[in-house]
Amino acid sequence: MEYQIGQRWASHADAQLGLGIVVDIDGRRVTLAFPAVDEERTYAIENAPLTRLRFKAGDYISTIDNLELKVTAVREQQGLLVYIGIDHHEQERTVSELELDAFVQLTTPQQRLLNGHFDRNEEFALRVATFTHADALQRSPVRGLLGSRTSLLPHQVYIAAEVGRRYAPRVLLADEVGLGKTIEAGMIIQQQLLTGRSTRVLVLVPPSLLHQWLVEMLRRFNLRFSLFDQQRLDAHEDENPFETEQLVLSSLEHLLQRPELSRQALDASWDLVAIDEAHHLHWSAQGAGD
């Protein structure tokens, strides 16, 4: 590498230094000033971690006077680079590399490659391993069933896996009392959300179970449902309250007692609706399919 006073070089060992200026050449050593950090560094010429910064036609450069140019041509004069470019007024300007802003950002892969700014191979290997594991997780047949804070009982896992992988599932969980229907519902909801099959979920429960469901969904599945009690519903008189959150937990009685809330809930376009104590609901010919 041949150094010349006034040339601009970048350190690929410490990108925070910004763009340096050669200020002294002494035998086997070269000294650069780094205006961005107000420091001078001296390097052995033979193994200096420096890369000559050369912009090319099409690149954008900034000067210390905040002049921004699109480079159209580059020429060399007495070892220093001179850039010809067009400013935002479409006027042609000529600037020496001495005038370049020290706070240069090598952002594109091509700029980093051509200027010798390489990441370590270990970082690349880590990135490959990360994507490999992420791909394996995406393809896993148990995706969405892991991570819940609950004992994985065989009958619950079977039901959750069978229903959770369906698009727009319509099922009635009818296990005996105490066999964990709430857990099964939570596992299905979690899998639907994690796999992207659902994003908006409405859960309707009896008033006495509102806080139980709220705590269970958070504690066991880390699902943060918004509790829509009477106070929350009344606070959104001028808009549809059910469109303000993605995961909503409310009381079925509120909807049955107030027809306008029922209409708003139907208009909110849910991906998944879960109703606790659904065996208390009754079918009617007038409301079939609702």
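Structure notes:
- Residues located in the stretch 241-266, provided they are over 17 Å from residue 213 (Cβ atoms) and over 30 Å from the mean Cα position of the chain (by Cα): 256, 257, 258, 259, 260, 261, 262, 263, 264, 266
- Condition check for residue 217: without any contact (Cβ under 8 Å) to a residue 40 or more places away in the chain, of a type outside the set (S, T, N, Q), touching a Gly at 6+ places or on another chain (Cβ under 9 Å) and in a helix (DSSP H, G or I): yes
- One residue from 234, 229, 238 being closer than 20 Å to residue 277 by Cα and at pLDDT below 85: 229
- Boolean, residue 182 is in contact (Cβ under 8 Å) with a residue 12 or more places away in the chain, in contact with a helix residue (DSSP H, G or I) (Cβ under 7 Å, 6 or more places away or on another chain), surrounded by 12 or more Cβ atoms within 10 Å (Cβ to Cβ) and not in a helix (DSSP H, G or I): no
- Within the stretch 17-58, being more than 39 Å from the chain's Cα centre (by Cα), surrounded by fewer than 15 Cβ atoms within 10 Å (Cβ to Cβ) and more than 25 Å from residue 82 (Cβ to Cβ) holds for 26, 27, 28, 29, 42, 44, 46, 47.
- When residues of the stretch 127-179 are limited to those that are among the small types (Gly, Ala, Ser) and part of a helix (DSSP H, G or I), the one modelled with the highest pLDDT: 129
- Qualifying residue in the stretch 41-51 (condition: among the aromatic types (Phe, Trp, Tyr) and over 18 Å from residue 103 (Cβ atoms)): yes
- When the stretch 271-290 is filtered for residues that are closer than 21 Å to residue 207 by Cα and either at pLDDT 85 or above or charged (D, E, K, R) (or both), the ones remaining, listed by number, are 272, 273, 274, 275, 276, 277.
- Residues that are of a type in the set (Val, Ile, Thr) and touching a strand residue (DSSP E or B) at 6+ places or on another chain (Cβ under 8 Å) were ranked within the stretch 198-215; the one that is surrounded by the most Cβ atoms within 10 Å (Cβ to Cβ) is 203.
- Taken as a whole, the condition of being touching a residue at least 12 places away in the same chain (Cβ under 8 Å), in contact with a Gly (Cβ under 9 Å, 6 or more places away or on another chain) and among the basic types (Lys, Arg) applies to residue 41.
- Taking the conditions (1) touching a residue at least 40 places away in the same chain (Cβ under 8 Å); (2) more than 18 Å from residue 103 (Cβ to Cβ) in turn, residue 21 satisfies each one other than (2).
- Residues satisfying the stated conditions in the stretch 66-103, i.e. under 24 Å from residue 18 (Cβ atoms), assigned to a strand (DSSP E or B) and not β-branched (Val, Ile, Thr): 68, 69, 70, 76, 77, 80, 81, 83, 85, 93, 96, 100
- The one condition in (1) without any contact (Cβ under 8 Å) to a residue 60 or more places away in the chain; (2) touching a helix residue (DSSP H, G or I) at 6+ places or on another chain (Cβ under 9 Å); (3) closer than 13 Å to residue 102 by Cα that residue 62 fails to fulfil: (2)
- Scope the stretch 217-240; condition within 27 Å of the chain's Cα centre (by Cα) and surrounded by 14 or more Cβ atoms within 10 Å (Cβ to Cβ); matching residues: 217, 220, 221, 223, 225, 226, 227
- Just one residue in the set 215, 203, 171, 177 is β-branched (Val, Ile, Thr), in contact with a helix residue (DSSP H, G or I) (Cβ under 6 Å, 6 or more places away or on another chain) and closer than 30 Å to residue 253 by Cβ; that residue is 171.
- Considering only residues in the stretch 118-166 that are of a type in the set (S, T, N, Q) and without any contact (Cβ under 8 Å) to a residue 24 or more places away in the chain, the one that is nearest to residue 183 (Cα to Cα) turns out to be 151.
The values are calculated or read from the model by the stated rules, or taken from the named source; none is laboratory data. Here the structure is a predicted model, which is why all the values come from computation and not from measurement. Quick reminder, even Gly has a Cβ in these numbers, built from the backbone with ideal geometry, and neighbours come from all protein chains shown.
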